[in-house]
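Okay, structure first, notes after.
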Amino acid sequence: MSRDSLDAALRPPSPRRGWVWWLPLIAVAVDVLVEALVRGQEPVSSVLIAVPPLAAATRGPRGTALSTVVCLGLQMWTAARRPGHFAEQHHVAVYVGTLLIGVASVALARQRERTRRHLIRAHSVAEAMQRTLLRPVPRRLGPVRAAGFYQAGEGGTLVGGDLYDLCETPFGVRAIIGDVRGKGLGAVQTVAAVLGSFRVSAHEWRSLSGLAERLELSIARNSPAGEDGDPELFVTALVLEFPPGGGEVRIVDRGHPAPLVVGGPQARRLVTEPGLPLGLGALVSGGAATTVHPLAPGEVLLAHTDGVSEARDADGAFYPVLRRLGERFRGEGAPDPEAVVAFVRSDSERWSARTGDKDDDDRAVLALRPDPAGAAPATEKRPHRNTPAHPPDHLR
């Protein structure tokens with residue numbers, strides 16, 4: 001976020017004038033009305049002592065100070081209308097009390113403004129971090145149409161333990177989707193390590209299983225250590241590849257829910273050969289197997305994290321993502337990836353909303369559809385800025 005946009009965000013926003021915003025004005029209006037009705041027989045201006053705290057709840061320091069001055073002026077004016085009352089001890093006490101409460105209210109309003117500015121800055125940093133870690137999914141990447149969404153489970157956070165990314169490489173369009181065990185700062189650090197490694201290594205490693213091994217190495221080198229480190233840290237992940245020729249998808253499954261295919265007569269779940277999650281690969285010898293599945297023209301591959309498939313309804317039943325997708329897109333020859341993602345997002349939210357409890361698990365979804373006919377002409381393609389013109393000899 002640029003400095004100008006941040007300064008613009010930190011300016012006091014136009015107030016949403018709900019009933020709380022109007023309370024100070026209502027209190028002053030009521031006092032003036034009652035004062036007119038009693039015709040100076042009884043002093044009622046002491047109720048104005050509550051106006052500065054009410055103003056501090058919705059206005060800045062200047063507005064709160066102005067309300068204090070207005071209240072003091074009204075109190076002195078109403079007292080001066082009664083002979084001998086202006087300097088009477090009771091009225092002087094009201095003046096002093098209003099002044100002291102007004103000063104405290106100005107301080108509270110200033111502190112509220114500081115807190116608001118701090119929260120805006122923190123939110124801006126979190127948003128920038130989210131855009132850096134989880135970049136928006138492009139509508140098209142080479143010969144592949146794409147869509148996706150991410151939602152952190154913990155309220156008030158933008159980044160959690162789920163991850164995704166995709167890029168166009170010399171070996172085709174590659175994508176990753178994963179779920180880090182645990183939450184908090186350690187999970188975010190692991191997300192950054194895996195995605196950073198994927199964005200570099202996906203352009204260099206011809207072997208998809210070799211790419212997965214490189215991602216595992218990044219976890220070992222960059223995972224949080226020390227007292228805050230998690231000795232059982234791992235990441236379930238799918239590493240996907242759509243080769244330039246099209247017509248198939250290659251999958252390395254590291255303990256993640258298998259992807260689904262939507263389109264044609266019915267939705268189906270692809271069969272993979274699951275390996276151990278990233279971070280636990282040292283427990284077995286040999287790399288993870290790569291499975292290859294043909295994709296008919298127009299079929300959409302959907303990968304998701306367990307925050308989607310493990311959403312529960314009021315009866316504790318898991319969200320049946322495969323069945324729901326089959327019912328919604330049965331018979332559609334070439335579903336739009338954006339429509340598939342939008343349906344999964346809204347339908348799973350409605351499913352879990354039946355419980356009364358807020359689902360605190362992260363959710364991530366990627367929908368990918370090879371569409372070579374809609375790809376840009378070869379003369380218009382530009383290499384990715386991280387794509388080497390010639391892969392290293394030992395990786396060819």
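The values are calculated or read from the model by the stated rules, or taken from the named source; none is laboratory data. This is a predicted model, so every value here is computed, not measured. Positions of Cβ are backbone-derived with ideal geometry, glycine not excepted, and every protein chain shown enters the neighbour counts. Side chains are part of the model used for accessible areas, which takes the heavy atoms of the whole protein and leaves out ligands, DNA and RNA. Shrake-Rupley method; radii C 1.70, N 1.55, O 1.52, S 1.80 Å.
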With a probe of 1.4 Å, find how much accessible area the stretch 291-361 has per residue, and write the answer as a whole number in Å². 49
Which whole-number value in Å³ per residue fits the convex hull of the alpha carbons of the stretch 67-114? 47
Scattering curve values for the stretch 202-342, log₁₀ I(q)/I(0), Debye with Cα scatterers, q = 0.15, 0.18 Å⁻¹: -0.86, -1.09
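Go ahead and run the numbers for FRET between ARG345 and SER207, Cβ-Cβ distance against an R0 of 25 Å, rounding to 0.05. Present the calculation step by step, with values, prior to reporting the outcome.
Working: r = 34 Å, r/R0 = 1.35.
With R0 = 25 Å, the Cβ-Cβ based efficiency is 0.15.
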Check which residues have an amide H placed less than 5 Å from VAL365's amide H, if you skip close sequence neighbours. PHE149
Could you pull out every residue, at least 5 positions away or on a different chain, whose amide H is within less than 5 Å of the one on LEU141? Hs are placed 1.01 Å off N in the peptide plane, and Pro or chain starts have none. ALA146
In the stretch 27-127, taking the dipole from +1 charges on Lys and Arg beta carbons and -1 charges on Asp and Glu beta carbons about the Cα centre, the listed residue (ALA104, VAL32, GLY84) farthest towards the positive end is ALA104
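State the percentage of accessible surface on the stretch 233-281 attributable to carbon and sulfur atoms; use a 1.4 Å probe and exclude ligands, DNA and RNA. Provide the component values of the computation, followed by the final result.
On the way: 930 of 1630 Å².
Carbon-and-sulfur percentage of accessible area, whole number: 57.
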Could you check how much of the accessible area of the stretch 14-146 is carbon and sulfur, as a whole percent, using a 1.4 Å probe? 68
What are the trypsin sites (Lys or Arg not before Pro) within the stretch 33-101 that DSSP puts in a loop, where the Cβ has at most 10 other Cβ atoms within 10 Å? ARG39
Spin-label pair ALA289/ASP336, simplified geometry with 7 Å Cα→Cβ offset, distance in nm: 3.9
Distance in nm between HIS123 and GLU248 label points, each 7 Å along Cα→Cβ, equals 4.9
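Determine the order of ARG330, ARG268 by accessible area, beginning with the largest, at a probe radius of 1.4 Å.
Details: ARG330 150, ARG268 80 Å².
Most to least solvent-accessible, the answer reads ARG330, ARG268.
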